[in-house]
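The values are calculated or read from the model by the stated rules, or taken from the named source; none is laboratory data. This structure is a prediction, so every number in the text was calculated from the model and none was measured. Neighbour counts are summed over all protein chains in view; Cβ atoms, including those assigned to glycine, are modelled from backbone coordinates with ideal geometry. What goes into the accessible areas is simple: the full protein's heavy atoms, side chains included, and nothing from ligands, DNA or RNA. Shrake-Rupley method; radii C 1.70, N 1.55, O 1.52, S 1.80 Å.
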Amino acid sequence: MKLGARVKLGTGALVWAGFDGPQAPGPLLDAIKRGAIGGVLLFAFRDNIRSKAQVRAMLREIQDAARQGGLPPVPVAVDQEGGTVIRIGYRATFPSAMAIGATGDPAYAERAARAVGEGLRADGIAVNHAPVCDVNSDPRNPVIGTRAFGDDAQRVAEFAAAWVRGSEGVGVATTPKHFPGHGHTSQDSHLLRPDANVDRATLEARELVPFRAAFAAGASGVMTAHVRYPALDAKDGATVSRAILTDLLRRELGFTGFAVTDSLDMKGITDVEAPDQVVTRAIAAGADAAMVTTGLDRQLAAAGWIDAAVDAARVSEALARAADFRERFATGVPADDIDDAPARRLAAEIAERSITRHGPPLPPLAGRVRVVTFGSARQSFVEETADPVGGLERALRARLGDRLAFGREGRLPEGDGTVVVVTSNAAFQPAQAARARELLAQGGVLCAIRSPYDAAIVPNTPALLTFSDVPPSLEALAAVLAGERRPMGRTPVRI
């Protein structure tokens, strides 16, 4: 479509909205039809994603609403990073970015992104809020961790750029996040606004390196961070900072693509700004879309807030980028489907290549094996990844049979046999860490199925790191414990 042939979009094109339930509510459909909402966000925890058939029907109804209003389709976005951040489980579930980093091969990031993108596009979703470009330089970081490719800026840049090439190559937009970096924080911006207290030279040499690489690789978008960087803006967090979103992003880095905020419902921004102010200040600062994730009243009012408070030239600039992005990445739901089998095989291959040994050699597990796990409660809103402990038990039982004694919630099975302690983010949970140290005091094996920093809890103990607890990672771990495979990964962070 020629630029001049575009349907003129109103300010609502700058407002992206989420909703609850397996169908878009009527008022939201009406808002899409009249152009008051310009993009849709899907989340598993909000019950938007139950099955392939349900998702496709839901998105067809959403796009029908846009068409009935004489408008082009609206962009539909998810966060399908892999690992702990997966919204759609009925297709291939990939290990985390850090697991991909542990393979040592950026080609796996490109191949994974391509496979994820093909699966999303098959359901009418053409925006993936990935990759994470944050450098996990602070091991205490509670929200990034395994979502990052590692803690070395250059390596993160290689993997992030590869992901961008893979996803964009199959027509799925990327939004490298969380600009200009969320790796050097020890606080979670879902809960409060963190400060990244690093100087400008460090930002240039570390935080900005992966973003530069992602932009050079062809990223169509970028997502902001609800983090304050005193070296860049002494007062405001990045999402509402003109110094960051215009002066740094546009003028210094030369990024000309689409900038979207992180969710404006997160306490990292709502504890600082009123709802109307955060929307208008984000657009005024340089964002091209405000992610108003919840609250239908706020979603419907947002366009009016922008018109009333944001300079008309800035709104016009944002609308031009929104129109270009929408033309490229808003799509209908295809009539046909794809075969997920190749993607599932790739996810399994990445998982196998990512399992990493840390510390002394593994002891032989020839006899009875006593496995102790933590966190048997539901771990995810995605059904396919909700029970990693159960998945690991099934994978081990298939290989070890009666040799396996399996304990949950930190319980050690009675009798003799090698002790294998399976931790899940024990580095952030003092009680779990203390129990793991107690269990391994006389020796054994530690298996860290989320944070690799769990390996530091019991020094000089053989450890296996998976960086992810999706089903392929658990199968790969079980294969190593059973002696079917050897650990092949390389730790992408310092422990």
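Within region 69-88, does at least one residue satisfy the condition of being small (Gly, Ala, Ser) and over 28 Å from Ile350 (Cβ atoms)? Yes, the conditions are met somewhere in region 69-88. Listed by position, the strands (runs of 3 or more DSSP E) inside region 326-439 whose residues that are over 27 Å from the mean Cα position of the chain (by Cα) number at least 1 are 369-373, 404-407, 418-423. Looking across region 110-154, the residues that are over 16 Å from Pro452 (Cβ atoms), in a loop (DSSP other than H, G, I, E, B) and in contact with a helix residue (DSSP H, G or I) (Cβ under 9 Å, 6 or more places away or on another chain) come down to Asp123, Gly124, Ile125, Ala126, Ala130, Pro131, Cys133. Against the condition small (Gly, Ala, Ser), touching a residue at least 60 places away in the same chain (Cβ under 8 Å), part of a loop (DSSP other than H, G, I, E, B) and out of contact with any Lys or Arg (no Cβ under 7 Å at 6 or more places or on another chain), how does Gly104 come out, does it pass? For Gly104, the condition - small (Gly, Ala, Ser), touching a residue at least 60 places away in the same chain (Cβ under 8 Å), part of a loop (DSSP other than H, G, I, E, B) and out of contact with any Lys or Arg (no Cβ under 7 Å at 6 or more places or on another chain) - is not met. Filtering region 133-190 to residues that are open to solvent by 10 Å² or more (accessible area, probe 1.4 Å) and at positive phi leaves Gly145, Gly171.
Checking Arg450, Arg485 one by one, the residue that is charged (D, E, K, R) and farther than 27 Å from Ala157 by Cβ is Arg485 and no other.
Might you let me know whether region 285-295 holds any residue that is more than 20 Å from Ile37 (Cβ to Cβ) and not in a loop (DSSP other than H, G, I, E, B)? Yes, that holds for at least one residue. In region 11-34, the residues that are on the phi > 0 side of the Ramachandran plot form Cβ pairs under 9 Å with partners that are open to solvent by 10 Å² or more (accessible area, probe 1.4 Å), at six or more places apart or across chains, as follows: Gly21/Arg46; Gly21/Asp47. Of note, Ser167 does not satisfy the criterion of being among the hydroxyl-bearing types (Ser, Thr, Tyr) and over 20 Å from Pro95 (Cβ atoms). Right, Arg165: out of contact with any helix residue (DSSP H, G or I) (no Cβ under 6 Å at 6 or more places or on another chain) and modelled with pLDDT of 95 or more or not? In short, no. Residue check: is Ala66 touching a residue at least 24 places away in the same chain (Cβ under 8 Å), assigned to a helix (DSSP H, G or I) and within 15 Å of Gly169 (Cα to Cα)? When the stated conditions are applied, Ala66 does not pass them. State yes or no: is Ala405 surrounded by fewer than 20 Cβ atoms within 10 Å (Cβ to Cβ), touching a Lys or Arg at 6+ places or on another chain (Cβ under 7 Å) and among the aliphatic types (A, V, I, L, M)? Yes: the conditions hold for Ala405. Specify the residue that is nearest to Ile449 (Cα to Cα); the eligible residues are those in region 409-428 that are open to solvent by 10 Å² or more (accessible area, probe 1.4 Å) and among the β-branched types (Val, Ile, Thr). Only one residue tops the list, namely Val419.
Could you list, in sequence order, the residues of region 248-263 that are outside any helix (DSSP H, G or I) and hydrophobic (A, V, I, L, M, F, W, C)? Within region 248-263, Leu253, Phe255, Phe258, Ala259, Val260 meet the criteria. Every residue in region 30-46 that is open to solvent by 10 Å² or more (accessible area, probe 1.4 Å) and either assigned to a loop (DSSP other than H, G, I, E, B) or aromatic (Phe, Trp, Tyr) (or both), please. Correct list: Arg34, Gly35, Ala36, Phe43, Ala44, Phe45, Arg46.
Only a single criterion out of (1) under 16 Å from Glu317 (Cβ atoms); (2) assigned to a helix (DSSP H, G or I) is not satisfied by Leu300, namely (1). Which condition number does Thr256 fail, the rest of (1) surrounded by 20 or more Cβ atoms within 10 Å (Cβ to Cβ); (2) touching a helix residue (DSSP H, G or I) at 6+ places or on another chain (Cβ under 9 Å) being met? All conditions pass for Thr256, except number (1).
Among the conditions (1) at pLDDT below 95; (2) part of a helix (DSSP H, G or I); (3) over 19 Å from His178 (Cβ atoms), Ile269 misses just one, which is (3). A single member of Glu393, Glu383, Glu438 is at pLDDT below 95 and open to solvent by 20 Å² or more (accessible area, probe 1.4 Å), and it is Glu383. Exactly one residue among Ile86, Ile62 is within 20 Å of Glu383 (Cα to Cα), modelled with pLDDT of 95 or more and either among the aliphatic types (A, V, I, L, M) or buried (at least 23 other Cβ atoms within 10 Å of the Cβ) (or both), and that residue is Ile86.
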